[in-house]
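Have a look at the structure below, then the notes.
The values are calculated or read from the model by the stated rules, or taken from the named source; none is laboratory data. The shown structure was predicted, so the numbers you read here are calculated from the model rather than taken from an experiment. Heads up, the Cβs are rebuilt from the backbone with ideal geometry, glycines too, and the neighbour counts pull from every protein chain shown. The accessibility values were calculated without ligands, DNA or RNA, using every heavy atom of the protein model including side chains. Shrake-Rupley method; radii C 1.70, N 1.55, O 1.52, S 1.80 Å.
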Amino acid sequence: MCGIVGYIGNKEALPILVKGLRRLEYRGYDSAGVAVAHGGNIKRVRAVGKIDNLADKLQSEKVPGTFGIAHTRWATHGGVTEENAHPHSDCTGKIIVAHNGIIENYRELQHNLLVGHTFVSKTDTEILAHLIEAFYQDSVKPANTPLPPSEGGMAATGDLRTAVEKALRKVRGTYGLVVMHQDHPDTLIAARLGSPLVIGVGDHEYFVASDTSPMLAYTQQVVFLDDGELAEITPNGFQIYNLHSQRVHKQSEQIDWNESEAEKNGLPHFMLKEIFDQPTVIKDALRGRLVEDDGTAHLGGLNMGEVEMRSVNRVILIACGTASYAAMVGKYAFERLAGIPTEVEVASEFRYRDPILDNHTLVFGISQSGETADTIAALREAKRKGAFVRGVVNVIGSTIARETDGGTYIHAGPEMAVASTKAYTNMIAVLVMYALQFGRLRRVTVATGERLVKAFREISVKMEQALQTSDKVKQIVEKYQGHKNFLFLGRGVNFPVALEGSLKLKEITYIHSEAYPGGEMKHGPIALLSPEFPVVAIMTKNQLYDKMRSNIEEIRARKAPIILIATEGDEAAKELADDVIYVPPTMELLEPIINTIPLQLFAYHMAVLLGKDVDRPRNLAKSVTVE
Ligand code: F6R
C-alpha cells in the first residue's frame with residue numbers, strides 16, 4: 001500500500017518519477033506527489049486522485065532536476081486531501097519525506113518530543129519529517145533537548161544520515177521511507193522496516209522504489225533492503241547501514257523480469273492482458289519442475305530432504321484473498337495425493353490465534369506480492385513455534401521470499417492489475433506440484449503421477465481454449481448486466497473457483513455476489529433465489545458432477561437464471577441452464593486452472609460494460625502492507 005519512487009543520477013528526474021508512479025499506481029491511487037531538487041531549491045507538487053491528475057498539474061509547472069522522490073498514496077491516517085498527500089516536509093521545507101507504512105506512536109512523539117513544530121497535515125508520516133528536522137538541527141548544534149524546530153535556515157553541515165537513523169530509532173510502526181534534503185542535493189536516504197524497498201543500480205544513477213517495476217526500464221541490477229536497514233545513496237554509489245551506524249555489506253542481484261512484462265502490450269487493461277498471459281506464464285511455473293519418467297514434480301527450493309518430507313504429518317496453507325482460494329485447491333491436492341491432513345488459514349485470523357504447531361507441521365505462505373502484512377506476521381508466528389515454513393510467492397526478493405527457509409517462485413511475472421488473475425492460476429499449479437512431490441513419497445503410484453504430469457503438459461493449450469470463451473462470456477454479460485446480485489456455486493475443487501469468481505466480480509464491478517458450495521444451498525442461501533438473482537455454477541465432469549447437477553435442478557425449480565461452466569460436449573448442460581460456457585476437460589485437480597478463466601472474463605467484461613476502473617478498483621490496493 002502506497003508506492004514510493006526515488007531517483008538520483010544524471011537524467012531528468014521528473015519523467016522517471018512520474019513513469020515510476022504509474023508502475024506503482026496499483027499500490028494506491030488516492031493522491032500522488034513529487035519533489036525534485038534543483039539549484040538549491042526543492043519543488044514539490046501534489047494532487048488528489050490518480051497519477052493522471054498529478055501529471056496534468058505538472059504540465060503547467062517547470063520541475064527540472066536530477067534528484068527527486070515521489071509517492072502514490074493509499075490513505076491510512078488522514079483523509080484524501082492535498083495537504084495529506086506525500087511527499088511531506090518539515091517546518092523549513094528543506095527536508096522532504098515519502099513514506100509507506102504506519103507510524104503508530106506519532107501522536108506521542110508529536111506531543112512529547114516535537115513541541116513547537118508546525119504540522120500541516122493529518123498524517124502519521126509528517127512526524128518523520130519533523131523528527132529528522134530536530135535531529136538534523138541537533139547534529140548542527142549538539143545537545144539541544146527538547147528537540148526544537150529549526151530557526152531560520154539550516155546550515156548544510158548537519159549529518160542527514162545520522163539524523164534519519166536517530167529519528168527512526170524513536171518510531172514504532174512500519175516504514176519504507178525515502179528522504180531528501182535541500183542542502184544535500186547529492187544524497188538520498190532510504191530506510192525499511194516492514195514495508196518493502198528496492199535499490200536499482202544503474203550507471204552513475206540509482207533508483208529506489210517499493211518494488212522493481214519502476215526501474216526495469218533502466219536496470220535489472222537490484223539490492224533488496226532488509227528490515228532495519230538504511231541506505232545512503234549518491235550518484236557515485238550507496239552504502240547500507242543498520243540503525244546503529246554499522247555498515248551492512250550487500251551484493252546487488254540480477255532480476256529476470258523485464259519492462260515489457262509490466263506493459264499492457266496494446267490491450268486496454270492490465271487485467272485483460274494478465275488473463276491472456278496465463279497460458280504463457282503457467283509454462284514458466286512448470287518449467288524444469290516436472291519429472292516425466294518418475295511421474296513426479298521436483299521443486300528444489302523446498303529445501304527438505306526425503307526424511308524430513310516424510311516426517312510431515314500436517315500442512316497449513318496461509319494466505320489472504322485470492323491466494324487463499326488458490327490455497328483451498330492446494331488443500332484438496334495435498335489431501336488427495338499425499339494423504340496429509342491440510343488446513344487453509346486466512347492469515348489475519350491465524351496470527352491472532354494461538355496456533356498449535358510443531359516440527360512435523362509444514363506451513364506454506366502463499367502470496368503474489370510476498371509483502372502482505374498479515375501473511376508475513378502469520379509466517380513469523382509459525383516459525384517461532386518450530387514449524388517448517390516455506391513460501392509460494394511471485395515477487396522476486398519480496399519479504400516472504402526472503403524470510404522463509406525455502407519455497408518456490410510461481411513465475412507469473414509482474415502482476416499490475418489490482419485484481420489477481422495469473423498469480424492465482426500459477427499458485428495452483430505450484431501447490432499441485434508440491435502435493436504430487438509429497439504424494440509420490442507416500443501413496444501416489446507412478447501411473448497416477450504420470451497422468452498428472454501429462455495433464456500439466458497439456459494445460460497451457462487448454463487454457464488457450466478456455467480463453468476463447470471471451471466473446472461468448474461478453475454476450476452473456478450483456479444479457480445479465482442489469483442484475484444487482486449473483487450467486488456462485490461449485491463443489492469440491494470447484495468451490496474455491498466459485499469463491500474466486502465471486503470475489504473477482506465484487507472487487508472490480510461492485511456488484512454484490514456470494515459463493516457457496518452447491519450442497520450448502522438448501523441450508524439457507526436458496527432462500528435468496530428468484531428470477532432476479534442469477535446463479536453462476538461450475539458443473540464440469542468430475543466425481544461430483546451428478547451431485548452438482550441435482551443442485552442445479554433445485555435452482556431451476558426456483559426459477560433463478562442459471563449460467564453454467566460445463567465440460568465441452570456435455571449436452572445435458574444446455575437443458576439445465578439458460579446459458580452455458582464450455583471449457584475443455586482436464587484432470588480434476590487441475591480443473592480450477594481452466595474453470596476460473598471464464599469467471600475472470602465474466603468479471604472483466606462486466607466491469608468494462610459498467611464503465612468501472614478495471615485495473616484500479618475503488619478502496620483497494622494491490623499489496624496490503626498494513627494490518
Ligand atoms: C484479489 C486480490 C487480493 C489478494 C490478497 C493477497 O484479486 O488480489 O485478494 O489476493 O490481497 O495478496 P498477496 O497474494 O499479494 O498476498
May I ask you to give the percent of accessible area on region 193-327 that is carbon plus sulfur, with a probe radius of 1.4 Å?
-> 45
Say the dipole of the chain comes from +1 at the beta carbon of Lys and Arg and -1 at that of Asp and Glu; which of His117, Ile565, Tyr545 then lies farthest toward its positive end?
-> Tyr545
Rounding to the nearest 20 debye, state how big the charge dipole of the chain is about its Cα centre with +1 on each Lys and Arg Cβ and -1 on each Asp and Glu Cβ.
-> 620
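Working from the alpha-carbon coordinates of region 373-434, get Rg over Rh, Rh being the Kirkwood radius.
Using Cα coordinates only, the ratio equals 0.98.
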Solvent-accessible area per residue for region 282-463 (1.4 angstrom probe, square angstrom) = 34
Tell me, what HN-Hα J-couplings in whole Hz come from the Karplus equation 6.51 cos²θ - 1.76 cosθ + 1.60 at θ = phi - 60° for each residue of region 509-514, using x for Gly and Pro?
-> 10, 6, 7, 5, 8, 10
Once phi is turned into θ = phi - 60°, what whole-Hz ³J(HN,Hα) does the Karplus curve with 6.51, -1.76 and 1.60 give for every residue of region 363-374, x standing for Gly and Pro?
-> 10, 10, x, 10, 7, 5, 6, x, 10, 5, 4, 5
When we measure straight from the Cα of Lys504, which lysines land under 16 angstrom away, once same-chain ones fewer than 8 places off are left out?
-> Lys273, Lys422, Lys474, Lys484, Lys612, Lys622
In terms of Cα to Cα distance under 17 Å, which lysines are near enough to Lys57, apart from those fewer than 8 places away along the same chain?
-> Lys19, Lys43
Please work out the Kirkwood hydrodynamic radius for region 500-627, using every pair of different C-alpha atoms, and report it in angstroms with one decimal place.
-> 15.8
With a probe of 1.4 Å, find how much accessible area region 552-627 has per residue, and write the answer as a whole number in Å².
-> 35
Farthest toward the dipole's positive end in region 3-261, which of Ile69, Ile127, Tyr7, given Cβ charges of +1 (Lys, Arg) and -1 (Asp, Glu) about the Cα centre?
-> Ile127
Counting only DSSP beta bridges with both residues in the chain, tell me the antiparallel percent, nearest 5.
-> 60
The alpha-carbon center of region 602-627 and that of region 178-246 are separated, in whole Å, by 31
Total charge dipole magnitude, region 3-261, about the Cα centre, Cβ charges on Lys, Arg, Asp, Glu only, Debye to nearest 20 = 340
To the nearest 10 degrees, how steep is helix 126-140 against the longest Cα principal axis of the chain, on a 0 to 90 scale?
-> 30
What is the helix-to-structure angle for 470-480, meaning the angle in degrees between its Cα long axis and the longest Cα principal axis of the chain, kept from 0 to 90 and rounded to the nearest 10?
-> 90
What figure in square angstrom, to the nearest 10, would you give for the accessible area of Arg247 with a 1.4 Å probe?
-> 110
Principal axes of region 282-463: Cα extent on each, largest first, Å | 43, 39, 23
Output ordering of 18-31, 101-114, 169-182 (per-residue mean of other Cβ within 10 Å, highest first) is 18-31, 169-182, 101-114
Just the Cα atoms of the chain, one point each, no solvent: what log10 I(q)/I(0) does Debye give at q = 0.08, 0.12 Å⁻¹?
-> -0.60, -1.18
Contact order relative to length for region 541-627, counting C-alpha pairs under 8 Å separated by 6 or more residues, stands in percent at 18
Within the accessible area of region 419-513 (1.4 Å probe), percent carbon and sulfur | 48
Packing rank of 39-49, 183-193, where each peptide gets the mean count of other beta carbons within 10 Å, highest leading | 183-193, 39-49
